[in-house]
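Only the coordinates and a few stated rules stand behind these numbers; no lab work does. Predicted, not measured: the structure shown is a model, and the values here were computed from it. Using ideal geometry, Cβ is built from the backbone for each residue, glycine included, and neighbour counts are taken over all protein chains shown.
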Amino acid sequence: MLQELEFQVLEVYRILDAAVAGFAARTGLCCPDGCGHCCSSEKVEATVLECIPLAFALFRSLQAELILKRLENDGHERRCVLYRPDYTEAGVGGCTQYQYRAVVCRLFGFAGNHDRTGLPQLAMCRVMKERTRGGPATIKIDDAESPMPLFVDAGLRITTLHPALGTVRLPINMALREALLKVGIMLALTTPRTPSVLSDHEEPPNKPMFPCPPLGRRAA
Ligand code: SF4
Ligand code: SF4
């Protein structure tokens, strides 16, 4: 089931990326090269479901155990563990898992929500505000061809896939940890083991030769 959810979430990401690309092309909004201000924020949140593709990617690239250790050792750290800052320049850095980043990481700076009167408003980031003369008011958002993406729509797409995993938003490190544990357990239970080969004169051991590491912390 988790694998199916992975594909479904990736399909939502494909749709969101196309919407962001269309909106960015029409409005000219873009991030300056190397900007990582939003990733260095301690307020990035995601649902566990959004982190399922990330978790699979980390298991496939054999980085899952390392990231889990970092999440456990730096449990107090709220900044995303996947962000790599460039220590030579403040606010510059990059995502080490860009292809699998969460919903807010895809939309931030290029999306908005309805205000109290029901009108869509762009939630422009501080960096873009400084670069765009006149701020969000100068951006035409009600365009039929490439409308502004809405955070609420993206959230609904995710929630609809699996309400139990796709509704509650957690600090991104907590969401990623939960996703890694879930995917780890699933892989531990479903990955076939290689049968041990005994020579003719060997007795079978009376206990496992290779004790299983704790479920969920094994690389695939
Ligand atoms: S959304 Fe804003 S803060 Fe984030 S990378 Fe782009 S310009 Fe920088
Ligand atoms: S997942 Fe990537 S894009 Fe999102 S906050 Fe972490 S480092 Fe930034």
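What to note about this one:
- Peptide packing for 83-94, 176-187 was compared via the average number of neighbouring C-beta atoms within 10 Å per residue; ordered from the highest value, the list is 176-187, 83-94.
- Rounded to whole Hz, the Karplus (6.51, -1.76, 1.60) HN-Hα couplings of the stretch 60-74, x for glycine and proline: 5, 8, 6, 9, 4, 5, 4, 5, 4, 4, 4, 5, 6, 6, 10
- Mean separation of Cα contacts under 8 Å (6+ apart) over length of the stretch 2-190, as relative contact order %: 35
- Database remark: amide H of V92 closer than 5 angstrom to the amide H of G36, D86 (H placed geometrically; neighbours at sequence offset of 5 or more, or on other chains; Pro and chain starts carry no H).
- Table column - 3J(HN,Hα) (Hz), the stretch 46-53, Karplus curve with 6.51, -1.76, 1.60, x for Gly and Pro: 7, 8, 4, 4, 4, 8, 5, x
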